[in-house]
Amino acid sequence: MSDSHSVLLIEDNPGDARLIEVMLAEDPETPFRLNCVDRLARGLEFLASEKPGLVLLDLSLPDSHGLDTFARVYAHSPTVPIIVLTGNDDQTVALTAVKTGAQDYLIKGKLDRELLVRAMHYSIERKRYQEQLEHQANYDALTGLPNRNLLLDRLKQAVFAQRQVRSIALVFIDLDHFKFINDSLGHNAGDKLLQHMAERLSSVVREGDTVSRLGGDEFILILNDQHNEDVIFRAMQRIINKLSEPVSIDGHELYVTCSAGISLHPQDGPDIETLLKNADAAMYRAKERGRNNFQFYTSEMNRLVNERLALESSLRRALERREFLLHYQPKINLKTGAIVGVEALVRWQHPEWGLMYPDRFIPLAEETGLIVPIGEWVLRTACEQNRAWQDAGLRPVTVSVNLSARQFRQEALFKSVARILSETGLRPRHLEMELTESMVMHNAEAAIAILQGLKELGVQLSVDDFGTGYSSLSYLKSLPIGILKIDRSFVRDISARGGRDGGVLAQAIISLGHSLKLKIVAEGVEDDAQLKFLKAYRCDEAQGYYFSKPVPPEECARLLAREKRSRKSR
């Protein structure tokens, strides 16, 4: 029947269990289906796999006794109504169980069918009514979001229940010009808009974060584990952008923006009242600055965010404005001393901030996806430059280009590389593509397939920063690569530590690479001691400030030309 209830009886006395079973079987119309277990452990297993409508619980079991029995069942399934079964001498314990969450208790020696069935019906309805009251007390009736009461409770937990202090962002959101919509389209349209906004907010936060409605058009978010301004910035951009998407209400297409204020725990307040007050103040600052934006409570955070906004805005226009350029760092054959290759390194010549190095803008480019068009520009420009040097009569060298993780995961990578080589006229063997160890090992099997395609094209392949990641040697053997680059930190150790321990990891990587028939290139060579060490252990190639810093293409051409003249004069 549609309104029947599954009932779990946890009772180890076969006679008592049989008596309850018979009582419920007397009337075939009784809407209860009984399941019996004789141990608490088995009862908890049943509760984990099924969700009964009621539990009949004997407090004295072979594997648990007294209030602890009730406490464990209640902690496991707090939404399932529980009737405690007890003897004449345990009524005090049973009453305590009722005070702490049980719906009722029954004395087994005084049990009859009518009393049992009535108590079961009553307990189920009472639990349902309690849940309705709790929901009304903790959730907003219009949107179904947590209300102020539950928000404050969760905020207290987030702030005070931490074993270690973690940063929490409290976000106060107010819809811009909501009163105008309410007044012009009516309260019914306003309510529908609030419901849409509630759904959108819930869709863009992570599991474990809280979206609540404070009242009117005010929403508050609790964003946990916000460990730096970049993470909060991206989260707030998603939220602002999502809320500003057009929404159709009663045939009207509305464009609704919001203003948001953010306070951070612990730096913006040690308690929830201060955090709420400061987030509210930051929200009003956002209103004052023209709406449709977010502001942090502290000026320092706002400065960082504004800098980042300006940087991202400039980065999006940098390609079309031709603000990027490449510098090239020579790679030296350690046996002959000849320049055998160059690594292409991107720079950004910003019109206001001057020459910017990759560590300033590449992480942002990775995050925004701009790294893909920038990476393709770097690849094309490096190939064009190498071909131009050859056309000018300079000896052919290999140009190395760093691949980003996003580029590497793109399905069109192979076609893009093949097209650029064809259009620039550069032979594939004069192009080397560098991948980081972590990129390759993120999905080694997929990486092998991508690398195999590039190798068949004729491109040289190297693993950069080797030794800093988590390579499996079995996968390293399987990778279709020809070159390992020793990370500069291991080269630095050669002269920094000196003695017997200096360069031990560099030595190990050289030995490992040679055993796998790989060419070894050392990065970051800066002094004579490092160079002598690398030569002694038969490292193949090296690059670093000891030989040359990264230089513009015309200066690199002069280095190549000078070497060509010196080789002719020998």
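The values are calculated or read from the model by the stated rules, or taken from the named source; none is laboratory data. Remember, it's a predicted structure, so these values are computed and weren't measured experimentally. Here the Cβ is made from the backbone with ideal geometry for all residues, glycine too, and neighbour counts use every protein chain on show.
Can you pull out every residue in segment 211-225 that is surrounded by fewer than 21 Cβ atoms within 10 Å (Cβ to Cβ) and within 21 Å of the chain's Cα centre (by Cα)?
Within segment 211-225, Asn224, Asp225 qualify.
Please verify whether Gln349 is free of Cβ contacts under 8 Å to residues at least 60 places away in the same chain and out of contact with any Lys or Arg (no Cβ under 6 Å at 6 or more places or on another chain), treating the condition exactly as stated.
Here the answer is yes, as Gln349 does meet what is asked.
So which residues in segment 254-297 are assigned to a strand (DSSP E or B), farther than 13 Å from Phe172 by Cβ and at pLDDT 90 or above?
If the condition is that a residue be assigned to a strand (DSSP E or B), farther than 13 Å from Phe172 by Cβ and at pLDDT 90 or above, then Leu254 is the only one that fits.
Just wondering, is there one or more residues in segment 64-75 that are assigned by TED's automatic domain parsing to the domain that holds Asp104, β-branched (Val, Ile, Thr) and either under 23 Å from Glu114 (Cβ atoms) or touching a Phe, Trp or Tyr at 6+ places or on another chain (Cβ under 8 Å) (or both)?
no
So that you can scan it fast, the table gives a plain yes or no per residue for (1) at pLDDT 95 or above; (2) over 20 Å from Gly458 (Cβ atoms):
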| residue | (1), (2) |
| --- | --- |
| Leu325 | yes, yes |
| Pro330 | yes, yes |
| Glu343 | yes, no |
| Glu352 | no, yes |
| Val372 | no, yes |
| Arg380 | yes, no |
| Asn386 | yes, no |
| Val399 | yes, no |
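Tell me, which residue of segment 19-59 that is touching an Asp or Glu at 6+ places or on another chain (Cβ under 8 Å) and among the charged types (D, E, K, R) is nearest to Val98 (Cα to Cα)?
Only one residue fits best here, namely Asp58.
Would you mention how many residues in segment 339-391 are over 32 Å from the mean Cα position of the chain (by Cα) and exposed (fewer than 14 other Cβ atoms within 10 Å of the Cβ)?
Qualifying residue count for the region: 4.
Of all residues in segment 431-446, count the ones that are out of contact with any Lys or Arg (no Cβ under 8 Å at 6 or more places or on another chain) and under 18 Å from Lys519 (Cβ atoms).
Matching residues across segment 431-446 total 7.
Need the failing condition index for Met301 against (1) under 21 Å from the mean Cα position of the chain (by Cα); (2) in contact (Cβ under 8 Å) with a residue 24 or more places away in the chain, just the number.
Single failed check for Met301: (1).
State all residues of segment 284-330 that are surrounded by fewer than 17 Cβ atoms within 10 Å (Cβ to Cβ) and of a type in the set (Gly, Ala, Ser); if no residue qualifies, say none.
Gly290, Ser299, Ala310, Ser313
List every residue pair whose Cβ atoms sit under 7 Å apart, with the two residues 6 or more apart in sequence or on different chains, where the first one lies in segment 221-246 and is under 16 Å from Glu300 (Cβ atoms) and not assigned by TED's automatic domain parsing to the domain that holds Ala286 and the second, anywhere, is outside any strand (DSSP E or B) and modelled with pLDDT under 90.
Correct list of pairs: empty, since none qualify.
So for segment 403-415 (the condition being closer than 22 Å to Val463 by Cβ and among the aromatic types (Phe, Trp, Tyr)), does at least one residue qualify?
yes
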